[in-house]
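Beneath this line is the structure, given in structure tokens, with notes to follow.
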Amino acid sequence: METLLKDIGATINQETQTLQVNELENEAIYIFREVAAQFERPVLLFSGGKDSITLVRLAQKAFWPAKIPFPLLHIDTGHNFPETIEFRDRLVDELGLELIVRHVQDSINQGKVVEETGKYASRNILQTTTLLDAIEEFKFDACIGGARRDEEKARAKERIFSVRDDFGQWDEKNQRPELFDMLNGTIELGQNVRVFPISNWTELDVWSYILKEQIEIPSIYFAHKRHTFLRDGLIWSAQDEVVFRAKEEAVKERTVRFRTVGDMSCTAAVESDADTIEKVVAEIRISKISERGARIDDKRSEAAMEKRKQQGYF
Amino acid sequence: MEVLKIATAGSVDDGKSTLIGRLLYDTNSLTDDKIEAIKNSSQKRGYDYLDFSLATDGLVAEREQGITIDVAHIYFSTSNKSYIIADTPGHVEYTRNMVTGASTSQVAIILIDARKGVIEQTYRHFFINNLLRIKDVIVAINKMDLVGYDQSVFEDIKQNFEKLNKNSTYSEQNVSYIPVSALKGDNIVEKSNEMAWYQGETILQHLENLHTEDVSEERQSRFSVQTVIRPKTDEFHDFRGFAGKINGGSFRVGDEITVLPSMTTSMIKSIYFYDKMFQEAKAGSSVTILLEDEINIARGDMLVKSDELPKVEKDLTATVCWMDSKHLKSGAKYWVQHNTNKVLSKITAIDNVIATDFSGSKEANNKLALNEIGEVKLKLAKPIFHDTYVSNKSNGAFILIDEHTNATAGVGFIN
């Protein structure tokens, strides 16, 4: 966490050279500033994953020396990795940010959604309801997220400013064209815009940026020993009770890390010895498996993501 | 890392998806699980080959119909550069998607089927790349394997395209011709063993050798203010920074600048990127600029160098590509969004509709339909500070927003 603070309070050293342009970083900063200027109540959707942590750094850069002019919103499924929650609270605390947390458990208790059961039970889909309720509660008109177009084929079609109707729905066949860098954020009352500042980044771009900026991220991204079991060729965490495990699925200690941080119940680990950012970057450079290859939520059908997005999922 | 943005347009038939798939495959950008998914989908559809379009066509409707409807973005990288491909459909009813894809690109790849030669679609792709002034155009003559890698076929097509190129209004455009077979991998990433007569670059070599300065043309320095940063903390009590992105040229500390529309002048006191100060920042930089004098500046205002002022006008003539199913009509009102400025406008005339095959223009009958391109006159409620599209792309283009639906209804290139 020192790194985050160090940059914010740094003494300004006069540099004589020309600023070198990192195009993706500059684009993201430009998008953040458009959000602050075009919307009344933006919010940054924060999952505790590396993409949303990168967003926080980019937002700091966009508005420095002013504070980030909007709160963070975390939809807590109750199935988060404990490391992520601990990290989230520390980050918010040290940067003096406003954090709003809304719980999927509350939506379940209120009878708005029904918990899934069975071997593949997950709260991944349920969180959409909690998110849409939070958007309505706070009247957010712009929700900034860390989704990237290279992650998944339906996301490849996503706009940078993506309009959602009153029901949070994505009309993928009727999207606003986005020309040059002009972002049209004009909306009706009740609508909101999902904003994706790192749309054009790849997984490797994010990791390279984390390395260059020395951004701290949760420990589960790095190789560690964990009790795990195998299912469908994927490695699952066995040390948390939210992940369903059948009796015949044997537990074994493996050295693993996580490439994406979704819910424990739908995020599989990969075997890895990469225990530093440098090693993680090197590993991704030669990896033959895509990042979402370990996300069971995408494997439900070929159009799983497109369907969830139509309903208001991120 | 340097980023190069490429536009491709075309239908499945000319092998565009195969070409993109080949670029990804030969640069090791496709992961095993993605290849596996393509294999499975290809088999499910009864194909005996890998259909790479299944990787790029992301929507259910696209996969069902086997067509590209929307712009898809595809990413790959080499140790040298990151590439972003904006992949768009090539048919006339998708002109707006082609224009959209081209607007964010610096390079275009136009595919020609070696068996068919220059066809109507080729005209349209080239016209759009001309209109949007894409500096570097690669004409990839594909399916050379199906014409026996015959040099004369390549030369014939090249000559026909050169004839088309004579219609071009953009003399600085660099056009190169590369004979390829996307299916076999000839001259995409690897040099072909079958075409010893071709000594030039492969497609990837050509892309690797291009640099941002080869493909950017904005010379005048423009800084459109996005937002004003006023932290009001003890440490930065008097900090008043103007946040924006430099569109073209560069700014240096000490530059004498003029603020539009007030026409007030001042000097640049400092340039910040995050918490670091720099002497100079160039086009593409999202910086925060502080001035020597206290001037009232808000979003939509523009900082320019005092010796290169843009035009400040309320009356515009522009080439407009219409993108809405509701026709553009004379007398209609639309919002004009130009950089960070948003001004109400009225369409005063629609002079003509321009054919996208270089065959000229015809009477517009006071309307432009979806996917049509025409010359339009507008009157603005307040002046904007602009250049012509030809002299400065980012300060010479605007979008039209429908007052009632808020849709992005069209794009204009200022003449």
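The values are calculated or read from the model by the stated rules, or taken from the named source; none is laboratory data. Predicted, not measured: the structure shown is a model, and the values here were computed from it. Ideal geometry is used to build each Cβ from the backbone, glycine not excepted, and the neighbour counts take in all protein chains shown. For accessibility, only protein heavy atoms count, side chains too; no ligands or nucleic acids. Shrake-Rupley method; radii C 1.70, N 1.55, O 1.52, S 1.80 Å.
Put simply, of B:Gly396, B:Gly410 the only residue that is touching a residue at least 40 places away in the same chain (Cβ under 8 Å), under 19 Å from the mean Cα position of the chain (by Cα) and open to solvent by less than 10 Å² (accessible area, probe 1.4 Å) is B:Gly410.
Those residues that are open to solvent by 10 Å² or more (accessible area, probe 1.4 Å), at the interface with chain A (Cβ under 10 Å from one of its Cβ atoms) and either under 20 Å from B:Asp14 (Cβ atoms) or not small (Gly, Ala, Ser) (or both), I need them from segment B:85-110; list them, please. Within segment B:85-110, B:Arg96, B:Asn97, B:Thr100, B:Thr104 qualify.
Among the residues of segment B:184-198, those that are part of a loop (DSSP other than H, G, I, E, B) and either open to solvent by less than 20 Å² (accessible area, probe 1.4 Å) or closer than 11 Å to B:Leu23 by Cα (or both) comprise B:Gly185, B:Asn187, B:Ile188, B:Val189, B:Ser192, B:Met195.
Note on segment A:186-202: residues that are of a type outside the set (S, T, N, Q), at the interface with chain B (Cβ under 10 Å from one of its Cβ atoms) and surrounded by 22 or more Cβ atoms within 10 Å (Cβ to Cβ) total 1. Considering only residues in segment B:228-243 that are closer than 11 Å to B:Leu291 by Cα and part of a strand (DSSP E or B), the one that is farthest from the other protein chains (Cβ to nearest Cβ) turns out to be B:Phe242. The numbered conditions (1) in a strand (DSSP E or B); (2) open to solvent by 50 Å² or more (accessible area, probe 1.4 Å); (3) in contact (Cβ under 8 Å) with a residue 12 or more places away in the chain are all true for B:Ser325 except (1). The residue of segment A:113-156 that is nearest to A:Cys266 (Cα to Cα), among those that are part of a helix (DSSP H, G or I) and among the β-branched types (Val, Ile, Thr), is A:Thr128. For the residues B:Asn129, B:Asn165, the requirement of being within 13 Å of the chain's Cα centre (by Cα), over 30 Å from A:Val206 (Cβ atoms) and away from every other protein chain (no Cβ under 14 Å) singles out B:Asn129. What do you reckon, is A:Val101 at pLDDT 90 or above and either outside the structural domain of A:Val242 (by TED's automatic domain parsing) or surrounded by 17 or more Cβ atoms within 10 Å (Cβ to Cβ) (or both)? Answer is yes for this residue. Highlighted here are the helices (runs of 4 or more DSSP H) found entirely within segment B:66-180 that include at least 3 residues which are touching a Phe, Trp or Tyr at 6+ places or on another chain (Cβ under 7 Å): B:120-131, B:151-165. Among the residues of this structure, A:Arg155 does not count as one that is more than 7 Å from every other protein chain (Cβ to nearest Cβ), farther than 30 Å from A:Ile286 by Cβ and surrounded by fewer than 24 Cβ atoms within 10 Å (Cβ to Cβ). The residue list B:Thr258, B:Thr265 contains one member that is touching a residue at least 12 places away in the same chain (Cβ under 8 Å), more than 20 Å from B:Ile229 (Cβ to Cβ), more than 13 Å from chain A (Cβ to nearest Cβ) and open to solvent by 50 Å² or more (accessible area, probe 1.4 Å), which is B:Thr265.
Within segment B:244-251, can one find any residue that is within 13 Å of another protein chain (Cβ to nearest Cβ), touching a residue at least 24 places away in the same chain (Cβ under 8 Å), over 10 Å from B:Phe223 (Cα atoms) and open to solvent by 10 Å² or more (accessible area, probe 1.4 Å)? No, every residue in segment B:244-251 fails to be within 13 Å of another protein chain (Cβ to nearest Cβ), touching a residue at least 24 places away in the same chain (Cβ under 8 Å), over 10 Å from B:Phe223 (Cα atoms) and open to solvent by 10 Å² or more (accessible area, probe 1.4 Å). When residues in segment B:15-40 are screened for being assigned to a loop (DSSP other than H, G, I, E, B) and open to solvent by less than 50 Å² (accessible area, probe 1.4 Å), 5 of them pass. Which one of A:Leu19, A:Leu24, A:Leu58 is within 14 Å of chain B (Cβ to nearest Cβ) and out of contact with any strand residue (DSSP E or B) (no Cβ under 9 Å at 6 or more places or on another chain)? Being within 14 Å of chain B (Cβ to nearest Cβ) and out of contact with any strand residue (DSSP E or B) (no Cβ under 9 Å at 6 or more places or on another chain) holds for just one of A:Leu19, A:Leu24, A:Leu58, which is A:Leu58.
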